[in-house]
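Trainee: Let me give you the structure first, and then I'll get to my questions.
The values are calculated or read from the model by the stated rules, or taken from the named source; none is laboratory data. Please read these numbers as outputs of a predicted model, since none were measured by experiment. With ideal geometry, Cβ positions are generated from the backbone for all residues, glycine too; neighbour counts draw on all protein chains shown. The area values use the complete protein model at the heavy-atom level, side chains included, leaving out ligands, DNA and RNA. Shrake-Rupley method; radii C 1.70, N 1.55, O 1.52, S 1.80 Å.
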Amino acid sequence: MATMQTPLRIGTLILKNRFVMTPMNTNYSDANGCMTPQMEEYYVRRAKGGAGLIVLEAVAVTPDTRNHGVQPMLCDEKYVPAWSNLIERLQSYGAKVSIELAHFGSEATLAPRASASDVSRFPGVEVEVLTKARIRELQEAFVHTALNARMAGADAVTLHGAHGYLLAEFMSPLYNHRTDEYGGCLENRMRFVTELLAMLREALGPRYPIMVRYSVDEFVTGGRDAEESQKVAVLLEQAGASAIDLSAGVPNTYTFTNPPNGLGDTSCMLIEKAAAVKKCVHIPVICANTIRHPEEIKRILAEEKVDLIGLARPLLADPDFPNKAMAGRDEEIRPCLSCQHCFRTLDSGRTLRCAVNPETGREYAYHVIQKQTPKRLLVVGGGPAGMETARVAALEGHTVFLCERADRLGGSLVAASIPPNKGKIADLIRWYEHQLKLLGVKVYLNTAATPEFIAACNVDKVVCACGTDYMRCIGGSDRVSVLTVIEALTEPKRVGKNVVIIGGGASGCEAAEFFAGEHISLRWTGKDGVSGPLLYERTEHPEIPVEHNVTLVEMLPQVASDMDEFNKELMRVALKEKNVRILAGARVERVLDGAVHLIDAQGQEQHLAADTVVLAAGLMPRQCAAADAEPAGDSVKPGRIGDATYSAYALARRLFED
């Protein structure tokens, strides 16, 4: 029976354990596609964390195929030295290294685009439909890049046949509408890849590991389903693939490639489909996608569902996941929230970041070191910024006190963990509680930061991480029927039948979905075609009563505008289907007795029945009693979890600079 520590052979490779870091775009390379110190240190940190195999992010096989402005390149020998330096360092920690080779086809975010057929999610773009001669050119480009990867010292190469890029486009009936020998039946659609595998085998030899990554389910009408993916695996093994790496989706269904928290409980969502593939082949099968907990991994390996466990976002949150899991230190693994902060940063054109791990992408510049002269620090506030400040300061060797006026740690995270699909935030609170205990931070609950308490602590510095208050600047908002969103979520019995929520950002939308109740549930099944809408099954549960009539009022033209693209789409559908009334482009003028007076998007006055009004907009930083306190998190500027943790991390590192 395999365990996490059991070695595994792939061709000439012997992996030291069953953990694989699967490839993720980072935007860490430079404008010429070259390695940078930022990229190098990011990967080295994951090698230190214990991953047995690291699959480096997709490199372009031609200089003109790019999925973003700083696409990594390995299509020319001039790139080899920098990649070899990185690979050498990764291997020094016992990790084996594969490089993912990619052409982005018609779904490349930047022109030019080429594919099996003229199909793309981008309307009106020019797509080169590849001739047989051009197919051969691109196959040779893959081979040339693979040789460069081997020259750089890579232990293996991985063909990127997933997520709707060029190889996937030939493989999938969604994109491939050809009528020649490269289209039609599955064997023909696989021809580009099977020919490429034969060419790679001739160039690299019979034992050099060649892995193929593809989507076990594309979650799209007209695409490949899990049953056909089993046949794909058989053809790949016959063509010479050494291992299979299973992912999911195409660009229109990235919601299923990297499931956001709004998708619901997606734990191990691909494992059964991957297990069906494994039964069809005799080569190792890797599977990732929402595998989060060591207990899940133990079960998957014990039941021989797959051979190797792929981790992507969990290694952003905690690069030491493999080492901690193998040592039985489960409580010490910092949890991934599936919050999409990582994708939000990439989609905005910046570099990859993680909401819960401020060091991700900053390894080349930041690391915690013990200070020569330990100091005494008081942190006021037990929310994300306060807990992160205390954690980092304690790691540096300081004596740290933390006071929190509530009866538990978490601050605003406590309320944030209550709405549907947000339970992972409670896992983060538990992680911080455990870390502070391990580090010896002295925590005082139900304790206000009075001048007397601050003086009694006798500290060198005070950090104010007191969070925010909701401003009651609307007329009548001082009524007892008006609650903040935090009060409403943590004390739901105070909320009446008719609820008006003011503020249609993330917190307002999540509260609206919570108070809409569980009378209606949705099961997300995929999307329609290359660019169509979400598909889902709606179920009514008449046995569950409808306790609230919910109205969501937002000044902007649409609600959820501050959410990431994945959760935003899910949230807007969920609110509609759960009968939340949305008044966008509206402005609340005054809260009345049992009603709200507003001006709607057409400039008309409306009075809404309101037993309870919930404030979910308009934040103001709190202050603490120490005039010279250093602010952190929302006490600097209200923001998201990632803003709070980074603000706190950066502050803690410079508080007592030697």
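Trainee: Collect residues whose amide H, placed 1.01 Å from N in the peptide plane, falls under 5 Å from the amide H of Arg113; neighbours closer than 5 in sequence don't count.
Mentor: Glu128
Trainee: Using the beta-carbon distance between Asp528 and Ala627 and R0 = 56 Å, what value does 1/(1 + (r/R0)^6) give for FRET efficiency, to the nearest 0.05?
Mentor: 0.45
Trainee: Lysines near Lys497 by alpha-carbon distance under 16 Å, same-chain residues fewer than 8 away left out - which ones?
Mentor: Lys578
Trainee: For segment 447-472 and segment 101-117, write down the distance between their C-alpha centroids in whole Å.
Mentor: Rounded to whole Å, the Cα centres lie 55 Å apart.
Trainee: How much accessible surface area, in Å² rounded to 10, belongs to the heavy atoms of Arg213 with a 1.4 Å probe?
Mentor: Rounded to the nearest 10, the figure is 10 Å².
Trainee: Ranked highest first by average number of other Cβ atoms within 10 Å, how do 587-594, 21-28 line up?
Mentor: Going by the mean number of other Cβ atoms within 10 Å, highest first, we get 21-28, 587-594.
Trainee: Per 0.36 nm of contour for each residue apart, how much would the distance between Arg408 and Glu140 grow if the chain were fully extended, relative to their Cα-Cα spacing?
Mentor: Separation in residues times 0.36 nm, less the Cα-Cα distance, equals 90.4 nm.
Trainee: Okay, next question. Ordering Glu491, Glu518 by accessible area with a probe of 1.4 Å, largest first, what comes out?
Mentor: I get Glu518, Glu491, largest accessible area first.
Trainee: Counting other C-beta atoms within 10 Å, and keeping those with at most 16, which DSSP coil GluC sites (Glu not before Pro) do you find in segment 282-344?
Mentor: Here the sparse-neighbourhood loop sites are Glu303, Glu304.
Trainee: Run the 1.4 Å probe and let me know the accessible area of Ser507, rounded to the nearest 10 Å².
Mentor: Near enough 40 Å² of accessible area.
Trainee: Lysines within cross-link reach of Lys96: Cα-Cα under 17 Å, excluding same-chain residues under 8 positions apart?
Mentor: Lys16, Lys48
Trainee: Quote to one decimal, in nm, the extra length available between Ala302 and Gln604 on full extension: 0.36 nm per residue of separation minus the C-alpha distance between them.
Mentor: 102.3 nm
Trainee: Classify segment 231-342 from the C-alpha gyration tensor, please: rounded if a/c falls under 1.5, else prolate or oblate depending on whether a/b exceeds b/c.
Mentor: Note, shape of segment 231-342 comes out oblate.
Trainee: In Å², what does the accessible area per residue of segment 271-351 work out to with a 1.4 Å probe?
Mentor: 36
Trainee: Here's another thing I want to ask about it. Tell me, Kirkwood radius of segment 333-398 from alpha-carbon pair distances, in Å?
Mentor: The answer is 13.8 Å.
Trainee: Given R₀ = 22 Å, what would the calculated FRET efficiency be for Ala426 paired with Ala448, taking r from the Cβ atoms and rounding to 0.05?
Mentor: It comes to 0.35.
Trainee: Let me ask you something else. Just to be sure I understand: of the beta bridges DSSP finds with both ends in the chain, what percent are antiparallel, rounded to 5?
Mentor: 25
Trainee: Can I ask one more? Check Gly504: other-chain or 5+ apart residues with amide H under 5 Å from its amide H, H built from backbone geometry?
Mentor: Under 5 Å from the amide H of Gly504: Met555.
Trainee: Accessible area, 1.4 Å probe, largest first: how do Met269, Met211 sort?
Mentor: Accessible-area ranking of Met269, Met211, largest first: Met269, Met211.
Trainee: Okay, next question. Is there a pair in Lys568/Lys637; Lys305/Lys527; Lys132/Lys273; Lys324/Lys422; Lys371/Lys437 whose C-alpha atoms are over 29 Å apart, and which pairs would that be?
Mentor: Lys132/Lys273, as the Cα separations exceed 29 Å there.
Trainee: Distance in nm between label sites at Glu540 and Met151, each 7 Å beyond Cα in the beta-carbon direction?
Mentor: The answer from the label model is 6.7 nm.
Trainee: For the modelled label position 7 Å from the Cα of Ser92 along Cα-to-Cβ, which residues of segment 24-43 have backbone nitrogen atoms closer than 13 Å?
Mentor: Taking a point 7 Å out along Cα→Cβ of Ser92, the residues of segment 24-43 whose backbone N falls under 13 Å are 41.
Trainee: If you roll a 1.4 Å probe over the chain with all protein chains in place, what percent of the accessible area is carbon or sulfur?
Mentor: The C+S portion of the solvent-accessible surface of the chain is 49 percent.
Trainee: Please list 195-205, 49-59, 363-373 highest first by mean number of surrounding beta-carbon atoms within 10 Å per residue.
Mentor: Result, highest mean Cβ count within 10 Å first: 49-59, 195-205, 363-373.
Trainee: A further question on this structure: Return P(r) of the chain (all Cα-Cα pairs; 20 Å bins starting at 0; whole %; ordered from short to long distances).
Mentor: With 20 Å bins starting at 0, P(r) equals 18, 47, 30, 5, 0.
Trainee: I would also like to ask the following. Nearest 500 deg cm²/dmol is fine: what mean residue ellipticity at 222 nm does the chain get from its DSSP H runs of n ≥ 4 alone, each adding -39,500 (n - 2.57), divided by its residue count?
Mentor: Helices in the chain give a 222 nm mean residue ellipticity of -9000 deg cm²/dmol.
Trainee: Show me, for segment 124-130, the HN-Hα J-couplings you get by feeding each phi into the Karplus relation (A = 6.51, B = -1.76, C = 1.60, θ = phi - 60°), rounded to Hz, glycine and proline as x.
Mentor: Karplus values, whole Hz, x for Gly and Pro: x, 7, 8, 10, 6, 7, 5.
Trainee: Distance between Cα centroids, segment 204-228 to segment 324-370: provide it in whole Å.
Mentor: 28
Trainee: Quote to one decimal, in nm, the extra length available between Glu202 and Glu181 on full extension: 0.36 nm per residue of separation minus the C-alpha distance between them.
Mentor: Here the answer is 5.3 nm.
Trainee: How much solvent-accessible surface does Thr468 expose, in Å² to the nearest 10, with a 1.4 Å probe and all protein chains in place?
Mentor: Roughly 20 Å² of Thr468 is accessible to a 1.4 Å probe.
Trainee: Same structure again: Taking the Cβ of Met4 as the centre, find all other residues whose Cβ is under 9 Å away and add up their charges (Lys, Arg: +1; Asp, Glu: -1).
Mentor: Net of charged neighbours comes to +2.
Trainee: Could you put Met471, Met39 in order of accessible surface area, largest first, with the 1.4 Å probe and the full protein assembly present?
Mentor: Ranked list, largest accessible area first: Met471, Met39.
Trainee: By what distance, in whole Å, do the Cα atoms of segment 490-580 stretch along each of the three principal axes, largest value first?
Mentor: That works out to 45, 35, 20 Å along the principal axes.
Trainee: Next up: To the nearest 20 debye, what is the magnitude of the charge dipole of the chain about its Cα centre, counting +1 on the Cβ of each Lys and Arg and -1 on the Cβ of each Asp and Glu?
Mentor: It works out to roughly 1120 debye.
Trainee: Please compute the modelled spin-label separation between Cys457 and His293, points set 7 Å along Cα→Cβ, answer in nm with one decimal.
Mentor: The two pseudo-label positions are separated by 3.4 nm.
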